[in-house]
Amino acid sequence: MKNITNPETSVAAAGGKKRRREEEEEVGGSHAANEDECFSLQDELTFSDTSVALRMMRAQFPRIDQASVPPFILQSQLYSSLNDRTQVDRELERLRRDKVVRVFKLNTGQDDHAIIFLDDYLYQVDRIAKRMEENKQSDTDIFKWFKEHVLDSKLEPSIAHHELCSLLALGGKVKDAHITLLINAGLLTRQLIDPDMYWFAIPSIGKLWKALLQGRKELLSLLKRKRHKEMFLAELEKRRLRYSPLDMRFHIRDLIGSGHLKTFQTTSGLVVRVSND
């Protein structure tokens, strides 16, 4: 992928720093940033630190009605936000080892990975356990064992069946029904190529990864219909997508980071163009 250039003007710098301070303070609260909040993606396109980029994008995660998915950041979006991919990989690995975030493989048929802050994910597990208990579901202790013994020690995106059972057994006697309950809750999925391996999963994300694929297709189609297959970023980010509840800014970051789009500066502003095939 070609390097992404971002204009550095005094106005953008002043406005960007102020917004970053304000949104960093709000990260610990509700993750649902107001979708109509006024900020320009051009001012917030790149960062110098992976942790700051993650927290900003978490705060800006689109508000989605009837969705219980915790805010997530695509690894491709991180690549669009920092010019050095090696730095991203190194800092992301450190955050993963420090149990700040978890990385999940998405079942999109592509090499997509989602990043979720661990506190957000644990809150999601607690919500599932509470709902199960309210529905008089038996064996709900498995969720506590899963949190305390599996998630706390197994930091990779996947886990083998025997290792999963061994870690769960630290909480109590493990039954086949326990594993089934975790799968049905959306916390685990079996790998197709090896049924003895599981991916750690994000509950209720199925509709969103389908929307992710549709949004990518729609955005690329929109640009390809334009002369020179390009638009000014300021104009493009105001457009609304028909087939994805994830907003335009979410998809722009994703496609820049994956190399499907590139940006370049003009005297009139930053331009987004479809990359050559």
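The values are calculated or read from the model by the stated rules, or taken from the named source; none is laboratory data. Quantities reported herein were computed from a predicted structural model and do not represent experimental measurements. A quick note on method: Cβ atoms are made from the backbone with ideal geometry, for glycine too, and the neighbour counts reach across all protein chains shown. Note: areas computed on protein heavy atoms with side chains; ligands, DNA, RNA excluded. Shrake-Rupley method; radii C 1.70, N 1.55, O 1.52, S 1.80 Å.
Remarks
- Here residue 263 clears all of (1) touching a strand residue (DSSP E or B) at 6+ places or on another chain (Cβ under 6 Å); (2) polar (S, T, N, Q); (3) without any contact (Cβ under 8 Å) to a residue 40 or more places away in the chain except the condition numbered (3).
- Test: residue in region 166-173 that is hydroxyl-bearing (Ser, Thr, Tyr), over 25 Å from the mean Cα position of the chain (by Cα), surrounded by 13 or more Cβ atoms within 10 Å (Cβ to Cβ) and within 30 Å of residue 118 (Cα to Cα): yes
- Only listed residue being within 25 Å of residue 217 (Cα to Cα), surrounded by fewer than 20 Cβ atoms within 10 Å (Cβ to Cβ) and of a type outside the set (S, T, N, Q), chosen from 94, 85, 131: 85
- Meets criteria (closer than 20 Å to residue 82 by Cα and within 14 Å of the chain's Cα centre (by Cα)) for residue 208: no
- With respect to being among the hydroxyl-bearing types (Ser, Thr, Tyr) and surrounded by fewer than 19 Cβ atoms within 10 Å (Cβ to Cβ), residue 153 fits the description.
- Candidate set: region 224-241, residues that are touching a strand residue (DSSP E or B) at 6+ places or on another chain (Cβ under 8 Å) and assigned to a helix (DSSP H, G or I); chosen: the one most open to solvent (accessible area, probe 1.4 Å): 228
- Per-region count, region 114-128, residues surrounded by fewer than 17 Cβ atoms within 10 Å (Cβ to Cβ) and farther than 23 Å from residue 93 by Cβ: 3
- Residue tally, condition open to solvent by less than 80 Å² (accessible area, probe 1.4 Å), in contact with a Phe, Trp or Tyr (Cβ under 7 Å, 6 or more places away or on another chain) and not hydrophobic (A, V, I, L, M, F, W, C), over region 97-113: 4
- Boolean, residue 108 is assigned to a strand (DSSP E or B) and among the polar types (S, T, N, Q): no
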